[in-house]
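Please read the structure below before turning to the comments.
The values are calculated or read from the model by the stated rules, or taken from the named source; none is laboratory data. Remember, predicted model here, so these are calculated numbers, not experimental data. Cβ: placed from backbone, ideal geometry, glycine included. Neighbour counts: every protein chain shown.
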Amino acid sequence: MPFTPDAQLDLAFSAELIPSEVTKQLPAELHLRPLASTDYRRGHLDVLSVLTVVTDPGEDAWRAQFDALRAAPRTYYPIVIVDRPSDRIVGVGCVFIERKFLRGLGCVGHIEDIAVDKSQQGKKLGLRIIHALTAISENSGCYKTILNCSDSNIPFYEKCGFQKKENEMCWQA
Ligand code: ACO
């Protein structure tokens, strides 16, 4: 499939919210942009399966989920890195903006579902994804940006500028 420029895509949010300082650090063959309504066909779920078990819901259900995320404006910021020659997704991530009543009606960014295709790991794509998401979170006015990760990923997030703080509690359904 030939590379599809942003202008021909239906994006989850405006690409202008992704800082050019981050995108210009990518190699020329890679493109960082918001998730698009047709990214099911570009291997979005394949990349997510690097992170955890993914059950393919089919394209229609995937699209309904995309529409549900976009129906909550200024809340979900899913991004992808696309390999231009193949028009396939090689990296994904999302920041979700939580609005609070405390801290002067402040908000918190929650980074979720970061994954880089195995063939592309170790090339700073994860770092670029995190920098793009933290910039979106800060530009949304969030007073902090947080995430959960395994012990083995702590060094990666430290390299991205995060510090370990507090603990995660989980009610397993
Ligand atoms: N342990 C130690 N250092 C690491 C690790 C690690 N597990 N992963 C990356 N680093 C270091 C790199 O060596 C690099 O260091 P350098 O700047 O000194 O060269 C720096 O962190 C940046 O690494 P990137 O090349 O940007 O990492 P990559 O593109 O491979 O992405 C990621 C890292 C996202 C963890 C990737 O390996 C991956 O997809 N793993 C499987 C899925 C996963 O665990 N995702 C994170 C889940 S947590 C969440 O989603 C909130």
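Observations
- Of all residues in the stretch 129-173, those satisfying the criterion of being surrounded by fewer than 17 Cβ atoms within 10 Å (Cβ to Cβ), within 12 Å of the ligand (Cβ to nearest atom) and part of a loop (DSSP other than H, G, I, E, B) are Asn148, Cys149, Ser150, Gly161, Glu168.
- Among the residues making up the stretch 82-123, those that are under 18 Å from Val54 (Cβ atoms) and of a type in the set (Val, Ile, Thr) are Ile89, Val90, Val92, Ile114, Val116.
- Residue ID - farthest from the ligand (Cβ to nearest atom), chosen from residues in the stretch 117-128 that are out of contact with any helix residue (DSSP H, G or I) (no Cβ under 9 Å at 6 or more places or on another chain) and of a type in the set (Gly, Ala, Ser): Ser119
To keep it simple, each residue is scored yes or no on (1) within 16 Å of the ligand (Cβ to nearest atom); (2) at pLDDT 95 or above; (3) outside any loop (DSSP other than H, G, I, E, B).
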| site | (1), (2), (3) |
| --- | --- |
| Ala61 | no, yes, yes |
| Pro73 | no, no, no |
| Tyr77 | yes, yes, yes |
| Gly91 | yes, yes, yes |
| Cys94 | yes, yes, yes |
| Ile97 | yes, yes, yes |
| His110 | yes, yes, yes |
| Ala115 | yes, yes, yes |
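- Among the candidates Leu32, Leu26, Leu45, residue that is assigned to a strand (DSSP E or B) and over 18 Å from Glu138 (Cα atoms): Leu32
- Gly122 meets each of the listed conditions (1) in contact (Cβ under 8 Å) with a residue 12 or more places away in the chain; (2) in a loop (DSSP other than H, G, I, E, B) apart from (1).
- Residue among Arg99, Arg41, Arg84 that alone is within 25 Å of Glu16 (Cβ to Cβ), in contact (Cβ under 8 Å) with a residue 60 or more places away in the chain and surrounded by fewer than 16 Cβ atoms within 10 Å (Cβ to Cβ): Arg84
- Residues satisfying the stated conditions in the stretch 91-123, i.e. more than 21 Å from Arg42 (Cα to Cα) and more than 16 Å from the chain's Cα centre (by Cα): Arg99, Lys100, Phe101, Leu102, Arg103, Gly104, Leu105, Gly106, Cys107, Gly122
- Scan of the stretch 145-173 for residues that are farther than 24 Å from Lys123 by Cα and acidic (Asp, Glu), ordered by number: Glu166, Glu168
- Residue selected from the stretch 1-20 under the condition outside any loop (DSSP other than H, G, I, E, B) and free of Cβ contacts under 8 Å to residues at least 60 places away in the same chain, by the criterion farthest from Asn139 (Cα to Cα): Gln8
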